[in-house]
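**Student:** Got a structure for you, written out below as structure tokens; questions coming shortly.
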Amino acid sequence: MNAWDQIKLSLAEKISTEAFQNWFADTRLQQADGDRISVLVPNEATKDWMEREYAESVHAAIRDLKLPIRQVSYEISSSAVTSNSHTDFSPAVTDSLFQSPVSQLNPKFTFDNFVVGSCNQFAHAAAKAVATMPSRSYNPLFIYGGVGMGKTHLIHAIGRSLVQNFGGMRIVYTTSERFMNQMINCIKLDRMPQFHQHFRSADVLLIDDVHILGGKERTQDEFFHTFNELYDHQKQIVISSDSSPKNIPGLVERLRSRFEWGLMVDVQPPDLETKMAILDKKSELEGIKLPEDVRIFLATKTKSNVRELEGALIRLIAYSSVSGGTINLAMAQQILKHLVHGPERRVTVEAVIRAVAERFSLQPSQIKQKTNEHRISYPRQIAMYLMKELTDASLPEIGRAFGGKHHTTVLHSVKKIEHLRLKDADLNRTIHSLIDSFN
Ligand code: ADP
Ligand code: MG
């Protein structure tokens, strides 16, 4: 397999089928020359797109595959490569722009099915407010948080509720990836007026996963104009993203500042109580009742990600329905044994130091250094906090792990992080993901 085919294969796993068909399917290696390769593409639009929007992804794939390539150039092939993907550029694709929004909204993602806990109550309240009085309360509404925390669920719930309550309103829902692919199709088919018309005549635009626009300048440019047009006409915009605007790499400044104009709310990982409540809700929807011990088992053994929690429950239900057995703890332990890692694996002080050091790109020895430099002292405080939470080590023992810190210093650090964690969403997320890494 040549280098470009390897890159294509690696990208095929990372980007959507739609995007792959659009951009990569019709490309092939022209020649390789030392650390340079040139790639044949079918037309100017593809060349442009590869250079602007996919440069980063291609280079990431090269790094992942450890290929000795430093430069990739794109040449337009004189005899256009033919393949069945041409059908993708037919008007049918742009006509799908005009599909009714309801068909794109998952009927399960309603407000009724959304469990509210301390982790998501602000996001939920803001979503409700927008669904009740669009363009009045918060514009744009920017919802952000980690994977599987319910952002898409909330966006769909807003859409569905608007469709139900405001019949005449034009609601447009799209993912950022679709936005990008449709834009490209429209450019190719010379249908940009329809594209503009579609998005700019919306009364409410719901756009999911906007972080994927990071580094994609042409798409950001287009989105910028869409945003302005809608905003200037007081149309509601709701955006979701996996991180806050300032933390989206490659997001242009003018979009970042606009995203911050309205209300930004984050969804945090669910705490134990919320996980239990979500389990109750989902089992009720499935028409079953979970025994108490199974409920606790699922809530405590899964990571702080609702999608995973849901996945575990679904497997359990599927197994019980196929096998005809009733759900009990033994069955849950058997089916979900991947969630339980052998006999209680104790987290050690050294393991915490290693994990925290890695997260902050430091050496374990650096974290143990006696210095008050913030770059070192902050991760050190986090490590102390995690040791208190996850290991059996006493405060003096924790102090000794850091070259003999006094136990009151350790206690001070633990309290400080405990407190900060409540206010600082990014820190809280980091801690959750560190804790998950020990599970
Ligand atoms: P995200 O978009 O944040 O990655 P999703 O909205 O796709 O996450 O949520 C993943 C799954 O978890 C969905 O099936 C969703 O219904 C469910 N989910 C997430 N949060 C909640 C919640 N608070 N209540 C009920 N279900 C939830
Ligand atoms: Mg999502």
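The values are calculated or read from the model by the stated rules, or taken from the named source; none is laboratory data. Just so it is clear, the structure is predicted and the values come from calculations on it, not from any experiment. Positions of Cβ are backbone-derived with ideal geometry, glycine not excepted, and every protein chain shown enters the neighbour counts.
**Student:** Going through the stretch 110-158 one residue at a time, which ones are within 15 Å of ligand 1 (Cβ to nearest atom) and on the phi > 0 side of the Ramachandran plot?
**Tutor:** If the condition is that a residue be within 15 Å of ligand 1 (Cβ to nearest atom) and on the phi > 0 side of the Ramachandran plot, then Gly145, Gly148, Gly150 are the ones that fit.
**Student:** So, Leu279, is that one modelled with pLDDT of 90 or more and in contact with a Lys or Arg (Cβ under 7 Å, 6 or more places away or on another chain) or not?
**Tutor:** Yes; evaluated as a whole, the condition is true for this residue.
**Student:** Against the conditions (1) over 23 Å from Met149 (Cβ atoms); (2) within 16 Å of ligand 2 (Cβ to nearest atom), where does Leu206 fall short? Just the number, please.
**Tutor:** Here Leu206 clears every test but (1).
**Student:** Considering Arg160, Arg218, Arg200, which residue is away from ligand 2 (no atom under 16 Å from the Cβ), among the charged types (D, E, K, R), more than 22 Å from Ile15 (Cβ to Cβ) and touching a residue at least 12 places away in the same chain (Cβ under 8 Å)?
**Tutor:** Of Arg160, Arg218, Arg200, the one residue that is away from ligand 2 (no atom under 16 Å from the Cβ), among the charged types (D, E, K, R), more than 22 Å from Ile15 (Cβ to Cβ) and touching a residue at least 12 places away in the same chain (Cβ under 8 Å) is Arg200.
**Student:** Further question: Being in a loop (DSSP other than H, G, I, E, B) and more than 16 Å from ligand 2 (Cβ to nearest atom) is the requirement here; does Asn185 meet it?
**Tutor:** No: the conditions fail for Asn185.
**Student:** Moving on. Taking the condition of being part of a helix (DSSP H, G or I), touching a strand residue (DSSP E or B) at 6+ places or on another chain (Cβ under 9 Å) and buried (at least 16 other Cβ atoms within 10 Å of the Cβ), how many residues in the stretch 217-248 meet it?
**Tutor:** 6
**Student:** I would also like to ask the following. Taking Ser413 as meeting all but one of (1) touching a strand residue (DSSP E or B) at 6+ places or on another chain (Cβ under 9 Å); (2) among the small types (Gly, Ala, Ser); (3) farther than 17 Å from Ser304 by Cβ, write down the number of the exception.
**Tutor:** (1)
**Student:** Considering only the stretch 266-294, how many residues are in contact (Cβ under 8 Å) with a residue 12 or more places away in the chain and surrounded by fewer than 20 Cβ atoms within 10 Å (Cβ to Cβ)?
**Tutor:** 12
**Student:** With Ala32, Ala92 as the choices, which residue is among the small types (Gly, Ala, Ser) and modelled with pLDDT under 85?
**Tutor:** Result of the check over Ala32, Ala92: Ala92.
**Student:** Test Asn113 against the criterion of being within 16 Å of ligand 2 (Cβ to nearest atom), in a loop (DSSP other than H, G, I, E, B) and either out of contact with any Ser or Thr (no Cβ under 7 Å at 6 or more places or on another chain) or farther than 30 Å from Met50 by Cα (or both), and give yes or no.
**Tutor:** yes
**Student:** Another one. Pick from the stretch 188-216 the residues that are part of a helix (DSSP H, G or I) and over 26 Å from Glu51 (Cβ atoms): which of them is farthest from ligand 1 (Cβ to nearest atom)?
**Tutor:** Ranking the candidates gives Gln197 first.
**Student:** For Tyr138, are the conditions met, namely being in a strand (DSSP E or B) and not aliphatic (A, V, I, L, M)?
**Tutor:** Taking the combined requirement at face value, the residue does not satisfy it.
**Student:** Oh, and also: Evaluate the stretch 255-264: report whether one residue or more is in a helix (DSSP H, G or I) and either within 16 Å of ligand 2 (Cβ to nearest atom) or more than 25 Å from Lys216 (Cβ to Cβ) (or both).
**Tutor:** So far as the stretch 255-264 goes, no, none of its residues is in a helix (DSSP H, G or I) and either within 16 Å of ligand 2 (Cβ to nearest atom) or more than 25 Å from Lys216 (Cβ to Cβ) (or both).
**Student:** While we're here: Quick check on the stretch 142-152. Is at least one of its residues within 19 Å of Asn247 (Cα to Cα), away from ligand 2 (no atom under 12 Å from the Cβ) and part of a strand (DSSP E or B)?
**Tutor:** yes
**Student:** Checking the structure you have, find out if any residue of the stretch 421-428 is loosely packed, with under 14 Cβ neighbours inside 10 Å and over 30 Å from Asp242 (Cβ atoms).
**Tutor:** no
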